[in-house]
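Structure, as structure tokens:
The values are calculated or read from the model by the stated rules, or taken from the named source; none is laboratory data. Everything quoted here is computed from the prediction, not taken from an experiment. Don't worry about glycine lacking a Cβ; one is built from the backbone with ideal geometry, like all the others, and counts go over all protein chains shown.
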């Protein structure tokens with residue numbers, strides 16, 4: 001295989017400002033090999049990347065669904081502005097990203113498998129209703145009981161709501177205990193992310209037995225979904241942590257992250273069925289049957305030190321990313337879509353390292369802001385990084401390891417939350433989410 | 001004056017569930033009189049109210065601006081989807097509410113009047129640019145300095161951005177010190193809100209020398225505005241507290257709050273110039289000249305205990321509000337727009353008390369949610385209540401006092417933040433926001 005539009009960069013060993021050694025291509029190759037993941041280096045065209053931000057290009061509701069989103073078109077009647085919940089794949093993965101996300105991780109508080117199974121059934125029911133723009137539960141016209149639905153979306157359209165479920169490692173085994181008799185079913189690809197250099201994780205805002213990602217074009221609709229799913233789970237599951245996010249871009253353009261850079265440019269390399277099968281959807285050859293049509297979700301809440309970043313010279317900002325700020329073009333090129341030329345980019349830049357890691361992730365991240373940081377008094381804002389991939393073990397962790405050690409961006413970021421989940425295939429009508437896991 | 005469509009309710013004294021006494025009309029009358037504010041009771045048609053939520057009906061950008069929003073149409077060229085910053089009145093007050101708000105209160109950290117004045121000039125400049133969809137500052141093509149604009153809205157339209165400024169009591173005098181030589185100019189109408197029953201205020205999230213309210217139809221645009229105004233203020237002003245909010249309703253319909261109730265139905269009683277002059281815009285007769293064309297802003301961040309609310313029977317919810325949940329109709333009526341019949345409503349209901357207080361506020365509130373409450377683990381969500389009125393002293397405080405003592409809703413809410421600000425008139429091109437205050 002040969003590189004597109006570029007020669008291999010010269011191996012080099014430099015020191016960056018902070019005195020940390022930059023990484024040469026050769027070193028990166030060794031590191032990838034050591035990680036034992038079959039990652040390969042420097043393949044520009046086929047080439048690998050992991051964008052820091054990973055915000056997909058946003059699409060208007062009227063646009064064609066992406067290839068995998070089509071999997072979700074079943075026989076159920078579709079409401080205008082709605083995305084069917086039932087399908088062979090879960091919606092909210094290949095679906096073009098909506099404008100808002102409410103992401104919640106839950107702890108299952110009862111070690112009762114039947115209750116857990118019942119909750120998955122109810123959650124399926126509720127999700128099918130909400131994604132179709134309906135209320136959950138019964139109307140309760142007498143008024144003697146609390147209403148089933150909390151009501152704040154009563155007149156609102158479904159706003160492209162998708163609800164996506166995932167199962168964390170602790171659902172299979174927690175503190176060595178197989179609470180639900182599911183330990184034997186934990187996929188090899190689903191492993192915890194080890195501690196990384198620079199981690200500043202809060203345990204209470206990391207992990208979780210189950211995750212629910214509610215994306216839509218209306219923050220009220222996303223909030224309502226998580227709120228009602230949490231409410232009906234009372235006694236069985238409780239929210240462990242929750243984070244909302246937003247993104248915005250003119251149709252067809254790449255959104256910018258809160259560092260002001262276009263981010264997610266390279267994601268379109270995965271926008272075809274073959275690439276999605278190769279990098280994102282669980283491979284039948286090394287997965288339990290219940291994961292057929294599923295995928296693995298990794299989430300990192302990444303604080304961005306925007307106050308420090310905003311004091312950094314433009315040239316330094318661009319060298320840190322490896323792209324021009326205004327145009328989004330790679331160094332040495334003119335347009336955002338131009339192929340990356342590895343020899344023009346600093347070897348500790350985000351793009352250089354990310355391109356060099358040799359695999360691809362399907363990224364679906366959102367910006368967040370949540371008031372002021374209590375300690376510094378600065379704006380507490382950043383990125384809820386979310387990616388979907390075939391393997392946490394062989395794709396996500398090796399990539400994160402390299403970036404956590406060498407990425408020049410690390411000076412301006414801190415990872416606050418971390419979690420991984422196995423997202424089962426979509427549910428069919430009459431079935432429920434994750435049913436095959438319990439059989 | 002006579003009541004519309006109703007007889008006066010019978011005076012009564014009841015006990016509600018929590019054992020607190022409900023308030024009769026007669027008692028309310030006495031209380032109003034005691035407050036010394038000339039408030040009057042039970043005037044259905046002209047009648048007073050203070051809606052708990054106070055979310056205005058949302059309007060699409062293509063709709064006619066409200067009467068007072070027209071004041072902002074000056075000779076400056078208007079960009080599509082933009083609302084001019086310059087005008088006789090500030091935008092963001094009578095403007096139909098956009099979908100997102102980022103509200104920030106600032107402390108002025110230097111006791112230097114010239115610096116403060118210069119900051120107001122720069123803020124005016126920045127605001128005029130951002131509301132027109134432009135970047136702030138210079139392009140910095142050489143890249144040797146940090147960019148003036150943080151860049152995340154580079155391709156985004158202005159999204160109806162409005163930026164509204166207000167001056168808090170502490171700008172005029174703080175801890176007895178007249179830091180800026182402005183003490184003599186503090187309006188009589190601008191007074192601190194005294195402690196209220198049930199307050200759970202955080203000092204660090206209350207008050208502020210200056211406030212900036214950035215509303216738009218895009219959360220990135222609102223966030224970018226506050227971020228860049230905070231950044232250019234470095235060394236002179238620092239964000240004290242910040243809260244984002246959202247609202248959503250189909251065009252022309254009343255939005256629902258997070259209790260699921262339509263809220264803000266009665267706000268349309270103010271949607272004419274005469275009512276705005278009478279209740280909202282500063283009266284020339286008892287204001288310093290620099291406030292001509294201005295108004296007073298009150299903000300209360302109100303936590304809503306949605307978990308507790310969600311366990312409450314529908315009938316109880318409706319009796320607490322005094323309206324039907326689904327239709328929004330007042331008790332005893334069929335449609336949302338029907339006149340309120342005071343005798344049909346429990347005397348400790350929100351609508352009964354609010355209607356009875358005898359004056360009107362122009363409400364422009366947003367829902368908020370911000371993760372989990374650290375203590376309870378419940379969703380931390382509620383309302384960023386914002387109202388504009390002629391007088392904090394004679395309108396807002398008396399109303400709040402009555403509601404804080406008697407409103408059945410108080411069982412489900414807690415006030416976390418509180419602040420008041422004098423919003424000066426709009427700036428003309430060549431002038432700057434608050435210029436008359438400094439002359």
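Is it the case that residue A:257 is more than 9 Å from every other protein chain (Cβ to nearest Cβ), farther than 30 Å from residue B:260 by Cβ, within 16 Å of the chain's Cα centre (by Cα) and in contact (Cβ under 8 Å) with a residue 12 or more places away in the chain? Judged against the criteria, residue A:257 is not a match.
Considering region A:353-368, the residues that are part of a strand (DSSP E or B) and over 23 Å from residue A:282 (Cα atoms) include one that is nearest to the other protein chains (Cβ to nearest Cβ), namely A:367.
Among the criteria (1) under 30 Å from residue A:371 (Cβ atoms); (2) surrounded by 21 or more Cβ atoms within 10 Å (Cβ to Cβ), the one residue B:290 does not fulfil is (1). Just checking, does region A:304-311 include any residue being within 13 Å of chain B (Cβ to nearest Cβ), crowded, with 18+ Cβ neighbours inside 10 Å, farther than 24 Å from residue A:419 by Cβ and out of contact with any strand residue (DSSP E or B) (no Cβ under 8 Å at 6 or more places or on another chain)? Among the residues of region A:304-311, at least one is within 13 Å of chain B (Cβ to nearest Cβ), crowded, with 18+ Cβ neighbours inside 10 Å, farther than 24 Å from residue A:419 by Cβ and out of contact with any strand residue (DSSP E or B) (no Cβ under 8 Å at 6 or more places or on another chain), which makes the answer yes. So for region A:128-150 (the condition being assigned to a helix (DSSP H, G or I) and within 15 Å of residue A:434 (Cα to Cα)), does at least one residue qualify? The answer is yes, given that some residue of region A:128-150 is assigned to a helix (DSSP H, G or I) and within 15 Å of residue A:434 (Cα to Cα). If I ask for residues that are assigned to a loop (DSSP other than H, G, I, E, B) and modelled with pLDDT under 90, which ones from region A:258-279 would you list? Within region A:258-279, A:263, A:264, A:271, A:272 qualify.
Residue-by-condition table, conditions (1) more than 21 Å from the chain's Cα centre (by Cα); (2) surrounded by fewer than 18 Cβ atoms within 10 Å (Cβ to Cβ); (3) within 29 Å of residue A:206 (Cβ to Cβ):
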{"site": "A:321", "(1), (2), (3)": "no, no, yes"}
{"site": "A:328", "(1), (2), (3)": "yes, no, no"}
{"site": "A:336", "(1), (2), (3)": "yes, yes, no"}
{"site": "A:339", "(1), (2), (3)": "yes, yes, no"}
{"site": "A:361", "(1), (2), (3)": "no, no, yes"}
{"site": "A:365", "(1), (2), (3)": "no, no, yes"}
{"site": "A:376", "(1), (2), (3)": "yes, yes, yes"}
{"site": "A:379", "(1), (2), (3)": "yes, no, yes"}
{"site": "A:385", "(1), (2), (3)": "no, no, yes"}
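Looking at this structure, is residue A:389 within 27 Å of residue A:96 (Cα to Cα) and crowded, with 23+ Cβ neighbours inside 10 Å? In short, yes. With respect to being modelled with pLDDT of 90 or more, in a loop (DSSP other than H, G, I, E, B), under 26 Å from residue A:248 (Cβ atoms) and under 25 Å from the mean Cα position of the chain (by Cα), residue A:371 falls outside the description.
Is it the case that residue A:410 is surrounded by fewer than 24 Cβ atoms within 10 Å (Cβ to Cβ), away from chain B (no Cβ under 14 Å) and farther than 30 Å from residue B:104 by Cα? Answer is no for this residue.
Looking at region B:226-239, can you tell me whether even one residue there is touching a helix residue (DSSP H, G or I) at 6+ places or on another chain (Cβ under 6 Å), in a strand (DSSP E or B) and within 30 Å of residue B:310 (Cβ to Cβ)? No, region B:226-239 contains no residue that is touching a helix residue (DSSP H, G or I) at 6+ places or on another chain (Cβ under 6 Å), in a strand (DSSP E or B) and within 30 Å of residue B:310 (Cβ to Cβ). Can you confirm whether residue A:170 is surrounded by 15 or more Cβ atoms within 10 Å (Cβ to Cβ) and either part of a loop (DSSP other than H, G, I, E, B) or within 14 Å of another protein chain (Cβ to nearest Cβ) (or both)? When the stated conditions are applied, residue A:170 does not pass them.
For region B:111-123, a residue qualifies if it is more than 26 Å from residue A:317 (Cβ to Cβ) and either out of contact with any strand residue (DSSP E or B) (no Cβ under 9 Å at 6 or more places or on another chain) or loosely packed, with under 15 Cβ neighbours inside 10 Å (or both), and the qualifying residues are B:111, B:112, B:113, B:114, B:117, B:118, B:121. Could you tell me whether residue B:336 is in contact with a helix residue (DSSP H, G or I) (Cβ under 7 Å, 6 or more places away or on another chain), over 24 Å from residue B:364 (Cβ atoms) and in contact (Cβ under 8 Å) with a residue 60 or more places away in the chain? No; evaluated as a whole, the condition is false for this residue. Can you spot a residue in region B:177-190 that is farther than 22 Å from residue B:286 by Cβ, over 16 Å from the mean Cα position of the chain (by Cα), in contact (Cβ under 8 Å) with a residue 40 or more places away in the chain and surrounded by 20 or more Cβ atoms within 10 Å (Cβ to Cβ)? For region B:177-190, residues farther than 22 Å from residue B:286 by Cβ, over 16 Å from the mean Cα position of the chain (by Cα), in contact (Cβ under 8 Å) with a residue 40 or more places away in the chain and surrounded by 20 or more Cβ atoms within 10 Å (Cβ to Cβ): present.
Taken as a whole, region B:262-274 holds at least one residue that is surrounded by 23 or more Cβ atoms within 10 Å (Cβ to Cβ) and within 12 Å of another protein chain (Cβ to nearest Cβ). Is it the case that region A:376-397 has a residue that's assigned to a loop (DSSP other than H, G, I, E, B), farther than 22 Å from residue B:152 by Cα and more than 14 Å from every other protein chain (Cβ to nearest Cβ)? Checked against the condition, which is being assigned to a loop (DSSP other than H, G, I, E, B), farther than 22 Å from residue B:152 by Cα and more than 14 Å from every other protein chain (Cβ to nearest Cβ), region A:376-397 yields at least one hit. Here the condition is being within 14 Å of chain A (Cβ to nearest Cβ) and touching a helix residue (DSSP H, G or I) at 6+ places or on another chain (Cβ under 8 Å); of B:242, B:280, it holds for B:242 alone.
From the list B:187, B:194, the one residue that fits, being part of a loop (DSSP other than H, G, I, E, B), modelled with pLDDT of 95 or more and out of contact with any strand residue (DSSP E or B) (no Cβ under 8 Å at 6 or more places or on another chain), is B:194.
Conditions tested, residue by residue: (1) outside any loop (DSSP other than H, G, I, E, B); (2) modelled with pLDDT of 90 or more.
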site	(1), (2)
A:47	no, no
A:50	no, no
A:58	no, no
A:62	no, no
A:76	no, no
A:91	no, yes
A:101	yes, yes
A:106	yes, yes
A:125	yes, yes
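Of the residues making up region A:199-210, none is facing another protein chain (nearest Cβ under 9 Å), assigned to a loop (DSSP other than H, G, I, E, B) and surrounded by 23 or more Cβ atoms within 10 Å (Cβ to Cβ).
Residues in region B:211-232 that are surrounded by fewer than 22 Cβ atoms within 10 Å (Cβ to Cβ) and either touching a strand residue (DSSP E or B) at 6+ places or on another chain (Cβ under 6 Å) or closer than 25 Å to residue B:111 by Cβ (or both): 3 in all.
Among the conditions (1) assigned to a loop (DSSP other than H, G, I, E, B); (2) away from every other protein chain (no Cβ under 14 Å); (3) out of contact with any helix residue (DSSP H, G or I) (no Cβ under 8 Å at 6 or more places or on another chain), residue A:327 misses just one, which is (2).
Return yes when residue B:163 is closer than 20 Å to residue B:421 by Cα, within 14 Å of chain A (Cβ to nearest Cβ) and touching a strand residue (DSSP E or B) at 6+ places or on another chain (Cβ under 6 Å) and no when it is not. No; evaluated as a whole, the condition is false for this residue. For region B:141-156, filtered to residues that are loosely packed, with under 15 Cβ neighbours inside 10 Å and more than 7 Å from every other protein chain (Cβ to nearest Cβ), the residue that is nearest to residue A:251 (Cα to Cα) is B:141. The combined condition, being within 14 Å of chain B (Cβ to nearest Cβ) and assigned to a loop (DSSP other than H, G, I, E, B), is fulfilled by residue A:336.
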